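Read the figures in this text as sums done on the coordinates, not as results from a lab. This one's a predicted model, so the numbers in the text were calculated from it and none came from an experiment. Positions of Cβ are backbone-derived with ideal geometry, glycine not excepted, and every protein chain shown enters the neighbour counts.
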Amino acid sequence: MEAHTTVRAGTFSERLAAAAGLALALVLLRLPFRHTVRGARAARRAGRWPMEAAQAEALVNAVRHAARWWPGRAACLETSLGAVLAAALLGRRLDWCLGARFAPPPVEYHAWAQLPAHGPVGEYTAAGWHHHAALTI
């Protein structure tokens, strides 16, 4: 389970989109996975403009901050999909990636949001973690 941030990040509209995106992600993840994928693809198409790295980082942190208020599970799968949906609500585009992250010695399944030309957003890539996507939406 990933750590939740205690720092409020982003503008008011980004925080509002983050809360709405997380709520929508929690609903989508209760459905069969094919419907979740369709919803993520629709959100990807709805985002017309790419995001800048700093704005994407603030949005991912805003979703993680909003997840603090959810009493259930809000780990990488929920927060990454929430960030993609929040970006779509703002008219922006993020990719949703499902795969694994590697570092010596643990290997773990992981989900993350990523900028198409930049890589994973809000992830520990500098500490030796390598992300390998099995599915990118």
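Note down, for region 12-136, the three equivalent ellipsoid semi-axes (square root of 5 times each alpha carbon gyration tensor eigenvalue), biggest first, whole angstrom. Walk me through the numbers on the way to the answer.
Details: eigenvalues 84, 53, 44 Å².
Listed largest to smallest, the semi-axes of region 12-136 are 20, 16, 15 Å.
Which percentage, to the nearest 5, of the DSSP beta bridges contained in the chain is antiparallel? List each step's numbers first, then the result.
Working: 16 of 18 bridges.
Within the chain, antiparallel bridges account for around 90 percent of the total.
Take ARG45 and ALA20, extend 7 Å from each Cα along the Cα→Cβ direction, and tell me the distance between the two endpoints in nm.
Modelled inter-label distance: 2.0 nm.
Please arrange SER80, SER13 by counting, for each residue, the other beta carbons lying within 10 Å of its beta carbon, fewest first.
In order of increasing Cβ crowding within 10 Å: SER13, SER80.
Given the rule -39500 (n - 2.57) for each run of at least 4 DSSP H residues, summed and divided by the residues of the chain, what is its mean residue ellipticity at 222 nm, to the nearest 500 deg cm²/dmol?
Working: 4 runs with 59 residues, N = 137.
Only helices count here, giving -14000 deg cm²/dmol.
Would you mind checking region 5-46 for residues with the amide N under 19 Å from a putative spin-label position 7 Å along Cα→C-beta of ARG68?
5-23
Using Cα-Cα distances under 8 Å and only pairs 6 or more residues apart, what relative contact order does the chain have, in percent? Intermediate results must be reported in sequence, preceding the final value.
Details: 254 pairs, mean separation 39.5, N = 137.
RCO, the chain: 29 percent.
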